[in-house]
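My questions will all concern the structure given below.
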Amino acid sequence: GAGVSQSPRYKVAKRGQDVALRCDPISGHVSLFWYQQALGQGPEFLTYFQNEAQLDKSGLPSDRFFAERPEGSVSTLKIQRTQQEDSAVYLCASSLDWRRQGVGYTFGSGTRLTVV
Amino acid sequence: DQQVKQNSPSLSVQEGRISILNCDYTNSMFDYFLWYKKYPAEGPTFLISISSIKDKNEDGRFTVFLNKSAKHLSLHIVPSQPGDSAVYFCAASALRLTGGGNKLTFGTGTQLKVEL
């Protein structure tokens, strides 16, 4: 597709429920990022993939968060046993070449997760 | 520890006048700085960037200035238009630290409102 697609757009989960958030990056983009944006804050880095390899997961807040990109295209962010503090917008972004720092990458519209 | 700071949560300017959005950073390892624009319910959109070896970059109505000694950058929009009303995020990257991946550290954003 022309842009980064994320689904679902909205997700309401009961506390303790597991959720899976999907990201379809721009075709051919090597780099894929997940960010978490809490209300009133800027996006915060969660994890990074280069093709299927997860090269940086330093931003994942706990072992309840898990991300994968098994074939180097679609990625899934999974959150187990959701808690209220997980409520946020989860943004996915992709980039053709991670070395092109000045170009910026393309974000999807995000998934708004609300844990009740 | 907020490494990228946007101290003004909001800014209001009249159409046709100049908008100046400010950003401060603390990490001297940052080597690229970017500005993103975000409309409600959409992901951030890349606007303009600047390398740490430069002090100015211009693209149409948008100019970014970098003062490395003060660890300060600013985004100038002139003339401002109603369609510029959005949240603007300052972001920084330090490629040498990430070993690839170009992850961004964002500020908390400034809501710009351009009034008729």
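The values are calculated or read from the model by the stated rules, or taken from the named source; none is laboratory data. This structure is a prediction, so every number in the text was calculated from the model and none was measured. Methodologically, a virtual Cβ is constructed for each residue, glycine included, from the backbone with ideal geometry; neighbour enumeration extends over all protein chains shown. Accessible surface is based on the protein model in full, side chains and every heavy atom, while ligands, DNA and RNA are left aside. Shrake-Rupley method; radii C 1.70, N 1.55, O 1.52, S 1.80 Å.
Given the DSSP H assignment, sum -39500 (n - 2.57) over each helix run of at least 4 residues in the protein assembly as shown and divide by its residue total; what's the result at 222 nm in deg cm²/dmol, nearest 500?
It lands at 0 deg cm²/dmol.
Let me ask something else about it. Roughly how crowded by other chains is peptide A:104-111, in terms of the mean Cβ count from those chains within 10 Å of each of its Cβ atoms?
On the way: counts 14, 6, 4, 7, 2, 4, 5, 0.
That works out to 5 on average.
Nearest 20 debye, what's the magnitude of the dipole of region B:4-96 about its Cα centre given +1 on Lys and Arg Cβ and -1 on Asp and Glu Cβ?
220 debye
Ranked from the most accessible area to the least, with a 1.4 Å probe and all protein chains present, what is the order of A:Y105, B:Y39?
The ordering from most to least exposed comes out as B:Y39, A:Y105.
In square angstrom, rounded to the nearest 10, how much accessible surface does A:T106 have for a 1.4 Å probe?
60 Å²
Continuing with this model, one more query. Run the simple label-point estimate for A:R15 and B:D31 please: 7 Å along Cα→C-beta, distance reported in nm.
4.6 nm
Residues of B:34-43, mean number of Cβ from any other protein chain within 10 Å of their own Cβ, rounded to a whole number?
4
Here is a further query. Just how many pairs of Lys in the protein assembly as shown have C-alpha atoms closer than 12 Å, counting pairs that are eight or more places apart or on different chains?
Final tally of qualifying lysine pairs is 4.
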